[in-house]
Amino acid sequence: MAKVLVVTSGKGGVGKTTSTAALGAALAQAGQKVAVVDFDVGLRNLDLVMGAERRVVFDLVNVVQGIAKLPQALIRDKRVETLWLLPASQTRDKDALTEQGVADVIKELRRQFDWVICDSPAGIERGATLAMRFADAAVIVTNPEVSSVRDSDRIIGLLDSKTEKAEKGQRIEKHILITRYDAQRAARGEMLTIEDVLEILSTPLLGIIPESEEVLRASNVGSPITLSNAGSAAARAYLDAARRLKGDTVPMSVPSDRKGLFDKLFGRRAA
Amino acid sequence: MRFRGRSFMAFVLTPAPPLPGWLAELDKWTRNSPDFFVGRPIILDLANSAFDQSEISELITALGKRGIRIIGLEGARPDQLDPSLPPLLKGGRPAADDATLAAPPDQGTTAAASQPPQRQEPSSLLIENPIRSGQSVIFPHGDVTVLGSVASGAEIVAGGSIHVYGALRGRAMAGSTGDTRARIFCSKNEAELVSIDGYYRTAEEMDATLRSRPAQCWLNDRVLSIAALD
């Protein structure tokens with residue numbers, strides 16, 4: 001049975017799209033059949049980060065509106081053959097999505113894939129609520145700073161009230177993914193600590209992605225970091241997070257490109 | 001969060017022009033029963049009245065000075081309404097124990113005692129989950145107890161007291177229906193704003209030594225006081 005995962009945050013620029021691509025690729029590298037779906041209609045980026053921008057013919061809006069069939073819109077990754085992308089439309093806006101249309105697309109994707117990962121737009125409006133609407137689980141991407149944490153808290157409230165699962169009285173599975181974490185700055189008190197973030201959000205931790213230039217470089221070359229530089233600290237953190245999503249027990253640590261010391265200093269177990 | 005409808009008994013006052021004369025008669029009557037309206041919800045019946053918005057507003061102010069709190073209007077025309085006025089109520093039904101101004105009820109009757117004691121719904125709300133940013137819990141009927149934390153940007157409005165066993169980072173407004181004895185308790189005070197019966201204090205106005213520790217707030221002769229609990 002497929003699992004529908006929404007990657008969301010409330011705040012923009014915290015790393016939703018990067019994390020969607022990295023987690024999607026990491027799961028696919030582990031042999032899972034994965035579809036990553038861009039819900040950011042009008043401001044699509046996932047195609048760029050996945051390096052598929054020159055292969056987009058049909059998109060999510062076309063499928064929702066019945067202009068194209070799902071297999072026509074899905075783009076297969078050239079590097080990992082179990083990884084697929086359903087791009088968003090850049091020329092339309094979020095009103096082009098209907099709840100029924102999205103429900104049908106998600107249902108169809110569930111039949112074909114092990115994982116359906118929805119990249120939510122920022123905000124709490126239509127695009128974001130539709131991206132989370134049919135999810136079984138959510139990854140809430142948070143930077144260790146107060147505005148991002150408060151927005152994440154808002155999103156958790158919506159996940160617990162506005163999703164189909166919540167309306168049926170079931171609980172949606174939630175995970176916090178802390179991105180752009182800088183151990184040195186946190187140690188100097190210039191950033192919220194992991195403990196602060198988890199205490200405020202009272203939600204389990206999926207992983208800690210260190211701030212890294214490698215992440216930016218990967219986005220610019222159009223490749224998920226777990227594919228382009230699998231040995232980097234950020235890629236190792238995403239690979240660990242993907243294993244935890246699959247249900248494996250992986251000790252929590254902040255991988256570092258610097259040699260060993262920070263691993264020892266800031267190593268920690270999952271909350 | 002659950003919302004429930006519930007009906008309550010309210011007294012209905014029907015003002016008649018000229019208003020100064022009507023208010024004088026009301027004063028004369030309340031001299032005999034000074035506490036009759038205290039703490040009771042009162043509805044203003046405006047059916048067939050010709051008062052305009054400003055007259056209604058003045059009347060509500062004049063009644064407020066007499067301790068008569070108007071919670072709603074009945075029978076008002078749309079042009080008589082204004083967002084600053086109490087809300088329009090519909091679907092009211094006459095109740096058996098109507099009091100008329102001509103015959104104030106005898107306080108000594110034992111009507112209540114002869115009825116079997118009714119089982120009272122517990123007037124408190126228990127919330128087991130954390131209250132997330134942007135969520136608002138409004139419970140005018142009594143106390144609110146939160147087992148988790150109240151996030152920055154969340155708010156609780158309670159008619160009675162508020163108890164937060166996690167960190168209070170949002171707003172807490174206790175005694176919203178006029179209970180000056182309501183209090184706010186939290187095991188970690190990071191509140192953005194606390195208020196009791198409308199008297200409030202923002203985070204900036206709080207003593208820094210009261211932050212990040214267990215605290216309680218109460219109303220001390222119209223001054224909102226905050227003290228550490230540890």
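Every read-out reported here was derived from the displayed coordinates using simple, explicitly stated rules and does not represent laboratory data. Nothing here was measured: the structure is a model prediction, and the numbers come from that model. Using ideal geometry, Cβ is built from the backbone for each residue, glycine included, and neighbour counts are taken over all protein chains shown.
Here are the numbers for this structure:
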read-out	value
Test: residue in region A:53-65 that is surrounded by 19 or more Cβ atoms within 10 Å (Cβ to Cβ), without any contact (Cβ under 8 Å) to a residue 24 or more places away in the chain and either of a type outside the set (Ser, Thr, Tyr) or out of contact with any helix residue (DSSP H, G or I) (no Cβ under 7 Å at 6 or more places or on another chain) (or both)	yes
Selected residue (criterion: surrounded by the fewest Cβ atoms within 10 Å (Cβ to Cβ)) from residues of region A:99-149 that are within 14 Å of chain B (Cβ to nearest Cβ) and without any contact (Cβ under 8 Å) to a residue 60 or more places away in the chain	A:Glu125
Among residues of region B:153-170, those that are surrounded by 24 or more Cβ atoms within 10 Å (Cβ to Cβ) and either free of Cβ contacts under 8 Å to residues at least 12 places away in the same chain or within 12 Å of chain A (Cβ to nearest Cβ) (or both), counted	3
Tally, over region A:245-258, of residues that are free of Cβ contacts under 8 Å to residues at least 60 places away in the same chain, under 27 Å from A:Ile172 (Cα atoms) and buried (at least 16 other Cβ atoms within 10 Å of the Cβ)	2
Filter pass, A:Ile176 being within 18 Å of the chain's Cα centre (by Cα), closer than 28 Å to A:Ala25 by Cβ, part of a loop (DSSP other than H, G, I, E, B) and within 14 Å of chain B (Cβ to nearest Cβ)	no
Residue under evaluation A:Thr91, criteria (1) away from chain B (no Cβ under 14 Å); (2) not in a loop (DSSP other than H, G, I, E, B), criterion not met	(2)
Some residue of region A:81-96 being acidic (Asp, Glu), surrounded by fewer than 17 Cβ atoms within 10 Å (Cβ to Cβ) and within 26 Å of A:Ala22 (Cα to Cα)	yes
Filtered residue count, region A:151-169, keeping only those that are without any contact (Cβ under 8 Å) to a residue 12 or more places away in the chain and within 14 Å of another protein chain (Cβ to nearest Cβ)	5
